[in-house]
Amino acid sequence: MIFNWSIIVLVVTDVFTTIIETLSLSERVLLVFNIFEIFTVIVFTIEYILRVWTADLIYKQKNPLKARIKYAFNLMMIVDFMAIAPFYLHFIFPISANIFRVFRVLRILRLLKVNHYVKALSHVGDVLKRKALQLFISMLIIFTLMIVASILMYTVEHDVQPEIFPNALSGLWWAVTTLSTIGYGDIYPVTVLGKVFGTLFSLLNIGLIAVPTGIISAGFIENTPEKSKKRKNKRFCPYCGENIEE
């Protein structure tokens, strides 16, 4: 527990320093931040190596090499690798200052490491996996509606606003901001028919945006009793803590 919370604190602090570094700071403060980054990279690197090295304890049916390879290509382990790799790439390959800044910004990926240590976050991943197909279909419907809205808006607005709607995809930005209820107001219809279409799509988006939310909410509702039921059907060894199947 102490180790888990220590890693979480390091991750959050590291991301916080990444944000603070974008401000105008003195050389002394930047030096302290750089030293802290080196320290965190060393800790995360050791943790990454130990996780991969002990992967044979997770995949006991595989030989150690195959188990470590499989675990290293796990999605979260790839994220962990991408979070620390930019630090070493800077020393291996000569890169420009702009690319180096991009690599430093990638440090925010370390925030995803928290998923390893907070069990509640794993439930979110379980729900997204279980509802992946439904979410994909709902997002596909929303994207299709955006394309249709963009084409229709181009058709009715092109003659009146050729500089704003020059092609069929030029209304896609309008469709995104309208269907997401942001509505910046930088692009908007001026014709009567365009306003009618805009009103219809604005009303339609209320239901469509609620679909992914409903799917995820239903997933959480289904996931909770299922987890509880599994716990009730399992007994645990008081000595080793392993599940004892009934």
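The values are calculated or read from the model by the stated rules, or taken from the named source; none is laboratory data. No experiment lies behind these values; they were computed from the predicted model shown. So basically every Cβ, Gly included, is an ideal-geometry build from the backbone, and we count neighbours across all protein chains shown. What goes into the accessible areas is simple: the full protein's heavy atoms, side chains included, and nothing from ligands, DNA or RNA. Shrake-Rupley method; radii C 1.70, N 1.55, O 1.52, S 1.80 Å.
Please work out which residue is surrounded by the fewest Cβ atoms within 10 Å (Cβ to Cβ), limiting yourself to region 6-23 and to residues that are farther than 13 Å from Phe36 by Cβ and without any contact (Cβ under 8 Å) to a residue 60 or more places away in the chain.
Leu23
Can you confirm whether Ser150 is out of contact with any Ser or Thr (no Cβ under 7 Å at 6 or more places or on another chain) and either surrounded by 14 or more Cβ atoms within 10 Å (Cβ to Cβ) or among the basic types (Lys, Arg) (or both)?
Yes: the conditions hold for Ser150.
Considering only region 166-197, state which residues are at pLDDT 85 or above and not in a loop (DSSP other than H, G, I, E, B).
Initially, region 166-197 is screened for residues at pLDDT 85 or above, giving 166, 189-197.
Within region 166-197, Val192, Leu193, Gly194, Lys195, Val196, Phe197 meet the criteria.
Which helices (runs of 4 or more DSSP H) does region 54-135 wholly contain that include 1 or more residues that are modelled with pLDDT of 75 or more and aromatic (Phe, Trp, Tyr)?
The qualifying helices (runs of 4 or more DSSP H) are 64-72, 75-92.
What residue, of Ile141, Ile206, Ile182, Ile215, is under 27 Å from Leu75 (Cβ atoms), open to solvent by 80 Å² or more (accessible area, probe 1.4 Å) and either free of Cβ contacts under 8 Å to residues at least 12 places away in the same chain or not hydroxyl-bearing (Ser, Thr, Tyr) (or both)?
The unique qualifying residue is Ile141.
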